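FYI, it's all coordinate maths here, none of it is from the lab. Computed from a predicted model, the values in this text were never measured in an experiment. Reconstructed Cβ throughout: ideal geometry from the backbone, glycine too, with neighbour counts over all protein chains shown.
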Amino acid sequence: MATYVFSDIHGHAEPLRRLLDRISPEDDDRFYCLGDMVDRGPAPLDVIELVRMLPNVCVLSGNHEILMLDWIHRPNSFDSLLDWSINGGVVTKAAFERLDPSKRSELVSWLEALPAYAVCAVSGRIYVLVHAGITPYRGTARDWDEDALRDMLSETDPQVLIWVREQFWEHPTGLVDETGAGPIVIAGHTPSRYLMRMDAVTDRPPLDGDGLCQSVRVGDPEACGGIWDKWDIDSGCAGGAGFGKVTIIRLDDGAEFTEPIASGE
């Protein structure tokens, strides 16, 4: 059994399909998708279909799913439509409106039920999985287990988990101690290229040799026992071809699988 995590595919179904074909998931593998399946790219509902077909998949809500649902619940609201449209929702809206009414209803129910966070343990390390990030923990040092982390996340404003940027990436999570013990937080939402504008230290340049976004680990290893306490796995799909690529990371060994986005897909 292997555990995979990815985020922010943004409607680019074909490179995601190619990457999944390369990985060739087994029935006992598990997947975590950290949201933002829709908008920007040409095939948002195809991305949702691919994600839902994955074995043992846990899907989190991203801010783009929230924008979509806000318009669905307020179809006559100009502000809701404007917010979604300027964030790349035009193609998603058109695809949704073409669905049979029963399929629309089923999709909406599924989207409404998406959680804002997940916690998992892989190879002796606990991971906190969110779309955007968390509020830094300012309490006293403690030994974290999965239940305690879920309790903490359940008390966090969902707006933070889905929308935060600088407050998360520029500061320690407070969850990893000086010995390196503690959970790592994995998030998307912020394309790694944008970290170059922030006060964030990364384990490698946010751009690869081809100038495309790539996943990075973020933090202060000297203060955290050699551990990077945050991983940014948004490799820029929102920008399409020439900006980003689809990335899936296997948590068991840190292996990274990528697929470039071709023009028009």
Here is a list of conditions, (1) over 20 Å from L19 (Cβ atoms); (2) assigned to a loop (DSSP other than H, G, I, E, B); (3) among the acidic types (D, E), and D151 meets all of them except one; can you say which number that is? (2)
Please work out which one of (1) touching a Lys or Arg at 6+ places or on another chain (Cβ under 6 Å); (2) crowded, with 21+ Cβ neighbours inside 10 Å is the condition E65 fails and give its number. (1)
Only unsatisfied item for R193, checking (1) more than 18 Å from the chain's Cα centre (by Cα); (2) in a helix (DSSP H, G or I); (3) of a type in the set (D, E, K, R); (4) under 26 Å from V246 (Cβ atoms), is (1)
Return the pairs, sorted by first residue and then second, in which the second residue is of a type in the set (G, A, S), the first residue lies in region 68-91 and is exposed (fewer than 15 other Cβ atoms within 10 Å of the Cβ), the beta carbons are less than 6 Å apart, and the residues are 6+ apart or on different chains. R74/S80
Can M152 be described as over 18 Å from the mean Cα position of the chain (by Cα), surrounded by fewer than 22 Cβ atoms within 10 Å (Cβ to Cβ) and closer than 18 Å to L60 by Cβ? yes
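Quick grid of which residues meet (1) loosely packed, with under 15 Cβ neighbours inside 10 Å; (2) in a loop (DSSP other than H, G, I, E, B):
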{"site": "G209", "(1), (2)": "yes, yes"}
{"site": "W231", "(1), (2)": "no, no"}
{"site": "D234", "(1), (2)": "no, yes"}
{"site": "T247", "(1), (2)": "no, no"}
{"site": "G254", "(1), (2)": "yes, yes"}
{"site": "A262", "(1), (2)": "yes, yes"}
Would you mention how many residues in region 194-213 are closer than 26 Å to A181 by Cα and touching a Leu at 6+ places or on another chain (Cβ under 7 Å)? 2
For region 1-38, which residues satisfy the criterion of being acidic (D, E), part of a helix (DSSP H, G or I) and crowded, with 17+ Cβ neighbours inside 10 Å? E14
Look through G226, G239, G219 and report the one residue that is over 14 Å from the mean Cα position of the chain (by Cα), in contact (Cβ under 8 Å) with a residue 12 or more places away in the chain and closer than 15 Å to H12 by Cα. G239
Quick one: in region 60-88, which of the residues that are assigned to a loop (DSSP other than H, G, I, E, B) and either over 20 Å from R165 (Cβ atoms) or among the aliphatic types (A, V, I, L, M) (or both) is farthest from the chain's Cα centre (by Cα)? N76
Given (1) farther than 25 Å from L60 by Cβ; (2) without any contact (Cβ under 8 Å) to a residue 40 or more places away in the chain, number of the condition C213 does not satisfy: (1)
What number of residues in region 170-189 are in contact with a strand residue (DSSP E or B) (Cβ under 6 Å, 6 or more places away or on another chain) and under 25 Å from G244 (Cβ atoms)? 5
Hey, any hits in region 109-124 for a residue that's assigned to a helix (DSSP H, G or I) and over 30 Å from L251 (Cβ atoms)? no
Of everything in region 202-244, what is of a type in the set (A, V, I, L, M) and closer than 22 Å to I162 by Cα? Give them in sequence order. V216, V218, I233, A238
